[in-house]
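The values are calculated or read from the model by the stated rules, or taken from the named source; none is laboratory data. Everything numeric here is computed off the predicted structure, so don't read it as measured data. Glycine gets a Cβ as well: all are built from the backbone with ideal geometry, and neighbour counts include every protein chain shown. Ligands, DNA and RNA are stripped out before the accessible areas are found, and what is left, the full protein with its side chains, is counted by its heavy atoms. Shrake-Rupley method; radii C 1.70, N 1.55, O 1.52, S 1.80 Å.
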Amino acid sequence: MTESTVPILDILLALLFPLLIVLVGRRFLPPFPWSDVRQLLTGFRISTSHPFSLTRAYSSYLKYGLLSKQEAAAMERSYVSIGRAHKHLGFKIGYPRKLNRFKEAIDRNTATATAIAALAAQEFSLEDTPCETNQTDLGRVRESLKHFVRDWSEEGARERDKIFRPILRVLEQVPVSERAGMRVLVPGSGLGRLAWEISQLGFITKAVEFSYFMTLAMRFLFSPDTTTKANQHHIQPFAHWFSHQRSNEALFRTVAAPDVVPRFSSRLELIEDDFLKLRHPTRDATSSTDSSASSGPGYDFIVTLFFVDTSINIFSTIEKIYYLLRPGGVWINLGPLLWPGSAQAKAELSLDEVMHLVQEIGFSVCPSGGTDEVRAPQTVECEYTSDKNAMMRWIYRAEFWVATKEP
């Protein structure tokens, strides 16, 4: 063996030794993912946070401006790559000015996104070390900004009324004197407007939301530190979608929010967790002895709005609704059946199949043609985070039903 071969053997042993440790570890230790191995060997930091986690949402709001400016720069590069004659035509119709207005809109939205992140850092004691984010995360921030319009602006009032009114009419059937002892759960509550409206009727209301992209924005709107008056915050939520726009004025219009000043209260609580992990609520001594309050563990009402079709396992979701309701409790649903794509959903059911499943699990669905028209099934044509000025409309034919858990 020559001296020149010794360094080569040393190098090979140095490379093989960590691999040997990994193989032995996988043989005798509990299972661990290969992504952890990659991180160990390369030092590459892989974000293991859930796509809707607190750290992921916080980082995405914090980096909204940076990611959006990168997109604006890419659009600008694409435009300047065209020929001189076409650039001259673009100048005549004002396209460079449009790209500049886009960057100005990003600056305005960044102010709100940064404020949301700042409040999250304060309330959750987060370190200023954001995790990795991508364009999908940026899309979720933009979606939350459109929910500002849907839930908390004057512009969104018509869309809200179309889908809130059937639900609120059912709850308004309860005598006002009995509402203070009744509990309502609103899973998939988004930015919380429906849950807030229900609490304003006098019910003890719990809003449940799994995505911190939604709850951080909701906290921002509900906090007295960041929202002190109506229409305080101004955003340009439609600026990122150049398609189907009639004019640049419509594209870059400013929307003010919130149209009212919401607050958390003894009647409204936010639960930032997975709906499927929830347990029965415990009734306090006052409500348990109050003759107007319902007996038995569980919620008096569960309200699902555009929620059940987000289920990965619709069987688990409806079983959970049944479990969380008290005997005689009522489930109010309104929404479409737009199942998660790419074979994520365990089962993608038709409306007929869903209604059959609802009854098999133990619910009694209020029939059509009965004496209670308020609770009768109906199809509601509606939109979801729509742009009222756009050239395209996506209309859902959402289904409304009221079902009772058999005593």
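Quick one: give the max-minus-min coordinate of the C-alpha atoms of segment 87-211 along each principal axis, largest first, in Å.
69, 40, 20
Taking the Cα centroid of segment 184-200 and of segment 336-407, what is the distance between the two, rounded to the nearest whole Å?
18 Å
Counting only protein heavy atoms and a 1.4 Å probe, tell me what percentage of segment 115-159's accessible area is made up of carbon and sulfur.
45 percent
List the lysines whose Cα lies under 22 Å from the Cα of LYS146, skipping any in the same chain that are fewer than 8 positions away.
Filter leaves LYS63, LYS69, LYS98, LYS103, LYS162, LYS229, LYS388.
Determine the share of segment 265-407's accessible area contributed by carbon and sulfur atoms, expressed in whole percent, with a 1.4 angstrom probe.
Summing carbon and sulfur atoms, their accessible area is 48 percent of the total for segment 265-407.
Using DSSP to define loop residues, name the GluC sites (Glu not before Pro) in segment 105-136 whose beta-carbon has at most 14 other beta-carbon atoms within 10 Å.
GLU127, GLU132
Out of segment 181-254, which chymotrypsin sites (Phe, Trp or Tyr not before Pro) are coil in DSSP terms and have no more than 14 other C-beta atoms within 10 Å?
TRP241, PHE242
All other residues with a Cβ under 10 Å from the Cβ of PRO51 taken together, and with Lys, Arg as +1 and Asp, Glu as -1, what is their net charge?
Residues close to PRO51 contribute a combined charge of +1.
What ranking, highest mean first, results for peptides 267-275, 69-77 when packing means the other Cβ atoms within 10 Å averaged over each residue?
Ranking, from highest mean packing down: 267-275, 69-77.
Specify whether the C-alpha gyration tensor of segment 70-129 places it in the rounded, prolate or oblate class, a ≥ b ≥ c being the square roots of the eigenvalues: rounded for a/c under 1.5, otherwise prolate if a/b is larger than b/c and oblate if not.
prolate
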